[in-house]
Structure formats: C-alpha cells, structure tokens
Amino acid sequence: MISLDARPRLAPKARLRKDEKTGETLLLYPERGLSLNATGAEILSLCDGERCVREIIAALAERHGEHASLADDVREFLTKLADRNLLRGTDVP
Amino acid sequence: MTPAPRPYTLVAELTYRCPLRCVYCSNPVRVDRVRPELDTAAWRKVLREAAALGVVQVNLSGGEPLLREDLEELVAEASALDLYTNLITSGVPLERERLAELARRGLAAVQVSFQDVRADEARRIAGVETLERKLQAAAWVRELDLPLTVNVVLHRANVERVPDFVALAERLGAERLELANTTYLGWALENRGSLVPSRAAIEVARAAARAAAERLRGRMEVLFVLPDYHTDLPRPCMGGWARSIVVVAPDGLALPCHQARTIASLSFESVADRPLAEIWNDSAGFRAFRGEAWMQEPCRSCERRAIDFGGCRCQAFHLLGDAAATDPACRLSPRHGVVLAARDGAERSAAAVDLVYRRAPAAT
C-alpha cells in the first residue's frame, strides 16, 4: 500500500481529459486508458506532488465527510495507479 | 441488431510500406485490390471523424509509419484533437531531429519493436540489419523524455530469451515491455511451421515474465500475452469485433481488425466513400460479428462468450473457411484438432523450414 507520507503526482506519460461522450474523466497512458468516476477524478486532482496522501485523505474528508473506509479506499486507488506506473513521488517507505 | 458501442482506439495503418520483412508481420499477405495510400487531407479527416465518434487514443502504425512524410502533420492534427498519440515503429528509419519534431507536435508515446537481442537472429527474422538502429532509436525516445514501450513478438527462435528482453527493456528505460506471442495470421501463418514454440519453452518464458513483472512492479509494466495455440482457449481478439477498436488501412478501408479484409465472405468500405461513423455503426462488415447473435454452438451458450467473444474471426476463417465458426484455438471447438495438429507438428519438427519474408501485400 502507498505510504501516507508519499506525495504523489501523475507520471508524465499519463494525461487526463474529459470524455465528451460520457462527461467522465479519462486517464490515458500509452495504448491504454482508464475511465475514472467522480471520486477517482477528484483524488487525482489533489495529487499535485505537494500534498501527502494523509493530507489528500483529510481534504476529501473535509469536503464530503468522514467515513470508515475512506483512507483505505484512497490508498487502494492510488496503489493501483502506482502499480501501473502512473504516479510519481510514491517511493516513500 | 446490436447497437454499436463507441470505439476508444483508432489504429491508423498509415502505410503497408516497411524497410523490414519480418516473417511474422501481421499485415495481410494478399489484398483484394492494391489501391493508393490515403493522402494527408484524407488522413486528417479520418482523425477528425474518429475523435467525433469517441476515439481518444490513436496508434499510428503500418507498415512503418515513419515512411509517411506527412507524419508530423498527422501527429499535430491528432494532438489538436486531444487524442493520445502513439507511434508504433520499427525505429529503423528514425532520426533524432525528426523524433524531436514529432514530440514538439504532441506525440505522446513511442513503441519500438525488437526482433531479438542477438543481431544475427534479428536479421534472420526481419530480413535486414536492424538491431543497432533500434537501440539508437529507443535511446532517443528516452532522451527526449517520451514514454517507451518495447515490443517483442515471441516465437520458437527467441522465446527462450525472455530474460534478455527484460534486461534490454530495463536498460533502455522502457515504461512497458510487451512480450506478445505470435498470432498465426498474415505472414506468421505462412511461416507457422518455423515459428510455433514448444509448450515447455512457453512455460519457462511465462515464469520468467511473471517474475520480472513482480520485481519491476511500479517501475516497468511487463505484459506477457499467452499464445492461443497453447492455452486451448481463444484470445479476446481486438476486445471483441467492432467493439472498442477501429482500424483504418493504408488505402482507407475501415476494418474491425488488421486482418479482417482477408475474410473473403465480408465486404468493407472505405473512409473515402462514406463517413467513418456510418461505417462503424451501420456497415455490413462491422455488424457481421458484433454482439452475440452471429454465434454458433458451442459459443452461443458458452459462459465465456462475454470474455473471449468467440475468439478470432480471422483465425476461424483462415483455418476453417468459416468466419462465424468457433475459433479452433478453443478446446470446445469441434475443429480444435486443426490447431492441435499444427502445434504438435511444429513441436516434432525442430528444424526450421525455409522462411518466407514479408512483401507488400499483393492483389489477389
């Protein structure tokens, strides 16, 4: 799992754009792509390389209210992206 | 009639011309009629029509797309349309300045294919000297800070060198290594007897790829595509017929896959004659195997039909003469023996037969 102290940002190969057909956010990378739901897109918008994961979780909790699995959900989502080499700034022990 | 889904990816085969003559090339061996390549204006129109249809990624491929002198213009057009633009190249005709210009025009990523890590073997497969230039091309990709995919087509003569391909991709700083077992269509079908590896060799290669994927997680993606000849299960070809990918061939024929034009029982239309959206949504060739209504048993009631979509239509046509049949790679196909015979035959004859080198497609 990604460290709470990591300060993730999108890898240079990854590009975000709006899907004109669905209004959703697409995360595109070489010969692949992921469709993000609103939550995923919001998490990524907070990944600026400045905020750490702990702060990202806190920001989301402030906006939408705390819930039991929030921290785990965010870390799981970011870990999945990191495993696909789509994030930088994640190699914090 | 199954309503048309929306394509995410356009494969723009800009040309069938190529300086390489790879014995497993996926370009068609024969086409119904050799027509001239689309010109720049026509390709720009294809890109605009594809974007309007929902496409968000474009793979500029071929043949060798670098042989198109208007590649820069096409990259700029794709980029202006907000398409994620991948160059799929042999790397052989690449020049550093040209790559820098393509990057300036918005190129997002580059895939360079490697035949082998051994120069002599690479030459035997491609018919020409390639390795030095490819290494140089890949290095330029990284110098210019573009993401690099290393693609290797695996077959009998190189499958044992998976660890070497992993080391090569690591050394080059690749983001992704695609270890794609040969699919036996096009020139690969002509050369099948020399290319099919043994099951034992594939198992070793698979284990090596798996270990590398584990070790490199988060740094480099290692993709190992199992060969359908050995899995006894069909591959989900193109993610399903006319479902998420649209191919436009050099002469403008819009296709559900690179090989589809070789299915004699189907007819396809050109983007020069009809808007891409109409072809995608309504043309007979695209509708033919979209959805499940066309399926015969055992596909029709198979629980895997939404996973593998009945397999590869081109393989069914070329091996069985019936494009609507269950892919004979499937163990449930009544004609599975056709694939077993080819596989076991190849396993028995270790000696390579004469290789047939790729040429530009000839008219039938």
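The values are calculated or read from the model by the stated rules, or taken from the named source; none is laboratory data. Treat the numbers as computed from the prediction; the structure is a model and nothing was measured. Cβ placement follows ideal geometry from the backbone for every residue including glycine, while neighbour counts extend to all protein chains displayed. Protein only, heavy atoms only, side chains kept; ligands, DNA and RNA dropped before computing areas. Shrake-Rupley method; radii C 1.70, N 1.55, O 1.52, S 1.80 Å.
The residue list B:Leu87, B:Leu135 contains one member that is within 30 Å of B:Glu190 (Cβ to Cβ) and surrounded by fewer than 21 Cβ atoms within 10 Å (Cβ to Cβ), which is B:Leu135.
Of all residues in segment B:105-126, those satisfying the criterion of being closer than 14 Å to B:Ala157 by Cβ, out of contact with any Asp or Glu (no Cβ under 7 Å at 6 or more places or on another chain) and among the small types (Gly, Ala, Ser) are B:Ala119, B:Ala126. Is it the case that some residue within segment B:248-262 is touching a residue at least 60 places away in the same chain (Cβ under 8 Å), under 15 Å from the mean Cα position of the chain (by Cα), within 26 Å of A:Lys21 (Cα to Cα) and not in a loop (DSSP other than H, G, I, E, B)? Looking through segment B:248-262, at least one residue is touching a residue at least 60 places away in the same chain (Cβ under 8 Å), under 15 Å from the mean Cα position of the chain (by Cα), within 26 Å of A:Lys21 (Cα to Cα) and not in a loop (DSSP other than H, G, I, E, B).
Yes or no, residue by residue, for (1) surrounded by fewer than 16 Cβ atoms within 10 Å (Cβ to Cβ); (2) more than 25 Å from B:Val338 (Cα to Cα):
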| residue | (1), (2) |
| --- | --- |
| B:Arg210 | yes, yes |
| B:Val225 | yes, no |
| B:Asp232 | yes, no |
| B:Cys237 | no, no |
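Taken as a whole, segment B:240-260 holds at least one residue that is open to solvent by 10 Å² or more (accessible area, probe 1.4 Å) and hydroxyl-bearing (Ser, Thr, Tyr).
When segment B:165-187 is limited to residues that are within 14 Å of chain A (Cβ to nearest Cβ) and within 18 Å of the chain's Cα centre (by Cα), the one that is nearest to B:His230 (Cα to Cα) turns out to be B:Ala180.
All told, B:Leu60 falls short of being part of a helix (DSSP H, G or I), crowded, with 21+ Cβ neighbours inside 10 Å, of a type outside the set (Lys, Arg) and within 18 Å of the chain's Cα centre (by Cα). Considering the conditions (1) over 18 Å from the mean Cα position of the chain (by Cα); (2) open to solvent by less than 50 Å² (accessible area, probe 1.4 Å), B:Arg44 is excluded by exactly one of them, (2). If you take the residues of segment B:291-316 that are part of a loop (DSSP other than H, G, I, E, B) and of a type in the set (Lys, Arg), which of them is surrounded by the most Cβ atoms within 10 Å (Cβ to Cβ)? Among those that are part of a loop (DSSP other than H, G, I, E, B) and of a type in the set (Lys, Arg), it is B:Arg304. B:Asp344 falls short on exactly one of the conditions (1) in a loop (DSSP other than H, G, I, E, B); (2) open to solvent by 60 Å² or more (accessible area, probe 1.4 Å), and that condition is (1).
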